[in-house]
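*Asks:* I am attaching a structure below and will ask some questions about it afterwards.
Every read-out reported here was derived from the displayed coordinates using simple, explicitly stated rules and does not represent laboratory data. On a predicted model such as this, the values are computed, not experimentally measured, just so you know. Glycine gets a Cβ as well: all are built from the backbone with ideal geometry, and neighbour counts include every protein chain shown.
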Amino acid sequence: SAVISQKPSRDICQRGTSLTIQCQVDSQVTMMFWYRQQPGQSLTLIATANQGSEATYESGFVIDKFPISRPNLTFSTLTVSNMSPEDSSIYLCSVRPTGAGNTIYFGEGSWLTVV
Amino acid sequence: AQSVTQLDSQVPVFEEAPVELRCNYSSSVSVYLFWYVQYPNQGLQLLLKYLSGSTLVKGINGFEAEFNKSQTSFHLRKPSVHISDTAEYFCAVSDRGAAGNKLTFGGGTRVLVKP
């Protein structure tokens, strides 16, 4: 398994501002993923964060809105830019640790409310 | 492309009664299958997974699921639920190929256990 820490755990943000969410893993992982869970909804993949290359974004998500950094094999950040109330969601970091048998683990999530 | 359908959005159940949560998937390739649980105000926790081998998979907290390839299903069961099982349950799939790190989620099933 993997221990995944996300910061902040919760925040209330003003419309038009940006917020960076951090994800720290207790072991080196090749791929990290960022998901969004809008209120009352299921999870949707935003992007895959690869170390040493640009993130790969899913349809409907763009780098200008959700820039991602992956400076090393244990850390990634997701920024939610120019926030609007529609960005109020839980943002979850997930990883597939080496030798984990194709299992993907999730952090506790960052609960953002945009007012 | 893959899709996951959880046939019940909400399942009320009395304490100590059995529960079954239904999950069907669609995929053009072979998949891995997962069930995750999200307790109120928490992140996602892996309940169980099917990667290969026996089609009956046992997970944590007394849950089990059965993979049925011909029916493309992966239903989750528990013979006797507790109040603490009140949560949202998500079925998810990933393909077995190079892109197999990405999860596609179903819409979730909210389980409410009543005393």
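*Asks:* Looking only at segment B:82-115, count how many residues are part of a loop (DSSP other than H, G, I, E, B), among the aliphatic types (A, V, I, L, M) and closer than 16 Å to B:Gln38 by Cα. Write out each step before concluding.
*Replies:* The initial filter retains those residues of segment B:82-115 that are part of a loop (DSSP other than H, G, I, E, B), namely B:82, B:86, B:96-103, B:106-108, B:115.
Those still in the list that are among the aliphatic types (A, V, I, L, M) too: B:98-99, B:103.
Now drop any that are not closer than 16 Å to B:Gln38 by Cα, which leaves B:103.
Total meeting the criteria: 1.
*Asks:* Take segment A:28-42 and flag every residue that is in contact (Cβ under 8 Å) with a residue 12 or more places away in the chain, exposed (fewer than 15 other Cβ atoms within 10 Å of the Cβ) and either out of contact with any strand residue (DSSP E or B) (no Cβ under 6 Å at 6 or more places or on another chain) or closer than 15 Å to A:Pro67 by Cβ (or both).
*Replies:* A:Gln28, A:Thr30, A:Pro39, listed by residue number.
*Asks:* So is B:Pro12 of a type outside the set (A, V, I, L, M), over 25 Å from A:Ser59 (Cα atoms) and in contact with a Ser or Thr (Cβ under 7 Å, 6 or more places away or on another chain) or not? Steps first, please.
*Replies:* On the way: of a type outside the set (A, V, I, L, M): yes; over 25 Å from A:Ser59 (Cα atoms): yes; in contact with a Ser or Thr (Cβ under 7 Å, 6 or more places away or on another chain): no.
Judged against the criteria, B:Pro12 is not a match.
*Asks:* Continuing with the same structure: Quick test for you: out of B:Tyr32, B:Tyr25, pick the one residue that is within 11 Å of another protein chain (Cβ to nearest Cβ), farther than 20 Å from A:Tyr91 by Cα and in a strand (DSSP E or B).
*Replies:* Being within 11 Å of another protein chain (Cβ to nearest Cβ), farther than 20 Å from A:Tyr91 by Cα and in a strand (DSSP E or B) holds for just one of B:Tyr32, B:Tyr25, which is B:Tyr32.
*Asks:* To continue, here is another question. Answer yes or no as to whether B:Phe67 is in a strand (DSSP E or B) and away from every other protein chain (no Cβ under 12 Å).
*Replies:* Spelling it out, B:Phe67 is indeed in a strand (DSSP E or B) and away from every other protein chain (no Cβ under 12 Å).
*Asks:* A further question follows. Could you list, ordered by first residue, the pairs with Cβ atoms under 9 Å in which the first is in segment A:102-115 and more than 7 Å from chain B (Cβ to nearest Cβ) and in contact (Cβ under 8 Å) with a residue 12 or more places away in the chain and the second is crowded, with 20+ Cβ neighbours inside 10 Å and part of a loop (DSSP other than H, G, I, E, B), at least 6 apart or interchain?
*Replies:* A:Leu112/A:Met83; A:Val114/A:Met83
*Asks:* Please work out which residue is farthest from the chain's Cα centre (by Cα), limiting yourself to segment B:44-64 and to residues that are within 14 Å of chain A (Cβ to nearest Cβ) and part of a loop (DSSP other than H, G, I, E, B).
*Replies:* Once the filter is applied, the top-ranked residue is B:Gly53.
*Asks:* Right, next: Being over 14 Å from the mean Cα position of the chain (by Cα) and either surrounded by 15 or more Cβ atoms within 10 Å (Cβ to Cβ) or farther than 24 Å from B:Leu48 by Cβ (or both) narrows it down to one of A:Thr56, A:Thr17, so name that one.
*Replies:* The conditions single out A:Thr17.
*Asks:* Taking B:Phe90 and the conditions (1) in contact with a Lys or Arg (Cβ under 9 Å, 6 or more places away or on another chain); (2) touching a residue at least 24 places away in the same chain (Cβ under 8 Å); (3) within 14 Å of chain A (Cβ to nearest Cβ), which numbered condition does it fall short on, given that it satisfies the others?
*Replies:* Result: B:Phe90 passes all but (1).
*Asks:* Something else about it: Only one of (1) assigned to a loop (DSSP other than H, G, I, E, B); (2) surrounded by 17 or more Cβ atoms within 10 Å (Cβ to Cβ) fails for B:His75. Which number is that?
*Replies:* For B:His75, the exception is condition (1).
*Asks:* Does segment A:72-115 hold any residues that are among the small types (Gly, Ala, Ser) and out of contact with any Lys or Arg (no Cβ under 8 Å at 6 or more places or on another chain), and which are they? It would help to see each step written out before you state the result.
*Replies:* So the first thing to find is which residues in segment A:72-115 are among the small types (Gly, Ala, Ser), and the list is A:76, A:81, A:84, A:88-89, A:94, A:99-101, A:107, A:109-110.
Across segment A:72-115, the qualifying residues are A:Ser88, A:Ser94, A:Gly99, A:Ala100, A:Gly107, A:Gly109.
*Asks:* A:Thr30 passes all but one of (1) more than 12 Å from the chain's Cα centre (by Cα); (2) over 13 Å from A:Arg96 (Cα atoms); (3) of a type in the set (Ser, Thr, Tyr); (4) within 11 Å of chain B (Cβ to nearest Cβ); which number fails?
*Replies:* Looking at each condition in turn, A:Thr30 falls short on (2).
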